[in-house]
1. For segment 36-83, how many residues are farther than 23 Å from Ile2 by Cα and among the hydrophobic types (A, V, I, L, M, F, W, C)?
2. Filter segment 41-65 down to residues that are of a type in the set (Asp, Glu) and over 12 Å from the mean Cα position of the chain (by Cα) and give me whichever is nearest to Asp77 (Cα to Cα).
3. Could you figure out which of (1) outside any helix (DSSP H, G or I); (2) among the hydrophobic types (A, V, I, L, M, F, W, C); (3) at pLDDT 95 or above isn't true of Leu66?
4. Of the residues Lys61, Lys23, Lys49, Lys42, only one is surrounded by fewer than 12 Cβ atoms within 10 Å (Cβ to Cβ), in contact (Cβ under 8 Å) with a residue 12 or more places away in the chain and of a type in the set (D, E, K, R); which?
5. Within segment 64-87, restricting attention to residues that are aromatic (Phe, Trp, Tyr) and loosely packed, with under 15 Cβ neighbours inside 10 Å, which residue is nearest to Tyr26 (Cα to Cα)?
6. Pull out all pairs, ordered by first then second residue, where Cβ-Cβ is under 6 Å, the residues are six or more apart or on different chains, the first lies in segment 64-76 and is under 22 Å from Ala10 (Cα atoms), and the second is modelled with pLDDT under 95 and of a type in the set (Ser, Thr, Tyr).
7. I'd like to verify a number: residues in segment 1-19 that are aliphatic (A, V, I, L, M) and under 13 Å from the mean Cα position of the chain (by Cα), how many?
8. Would you call Arg54 exposed (fewer than 15 other Cβ atoms within 10 Å of the Cβ), touching a strand residue (DSSP E or B) at 6+ places or on another chain (Cβ under 9 Å) and part of a loop (DSSP other than H, G, I, E, B)?
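The values are calculated or read from the model by the stated rules, or taken from the named source; none is laboratory data. If you're wondering where the values come from, they're calculated on a predicted model, not measured in any experiment. A quick note on method: Cβ atoms are made from the backbone with ideal geometry, for glycine too, and the neighbour counts reach across all protein chains shown.
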Amino acid sequence: MIERVVEEEAVRIAEERGWLVRKVVYAGRKGAPDRFLWKGGKFLMVEFKRPGERPNPQQAKEHARLAAAGWKVHVIDNWTAFHALIT
């Protein structure tokens, strides 16, 4: 299974459940989480990966920067984890 398939299905499911979902792109930088999700006062940052895959070094560094600012990036590599996150 490729990352794009995981991400596309997760976006479809989240939108069906009323989440506002946006693709994230940093101008001139790399390592941004893949998606931002909002619903009912909740805000999530999500990095999608193939099953068993972890963030690359640039992504891990950016996730650490976000964590230092008080934000968590959820790394999702399977449907069960994603369903638990958005319920």
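1. Residues in segment 36-83 being farther than 23 Å from Ile2 by Cα and among the hydrophobic types (A, V, I, L, M, F, W, C): 8 in total.
2. Glu53
3. Every listed condition holds for Leu66 apart from (1).
4. Lys23
5. Taking the candidates together, the pick is Trp71.
6. From segment 64-76, no pairs qualify.
7. Residues meeting the conditions: 4.
8. yes
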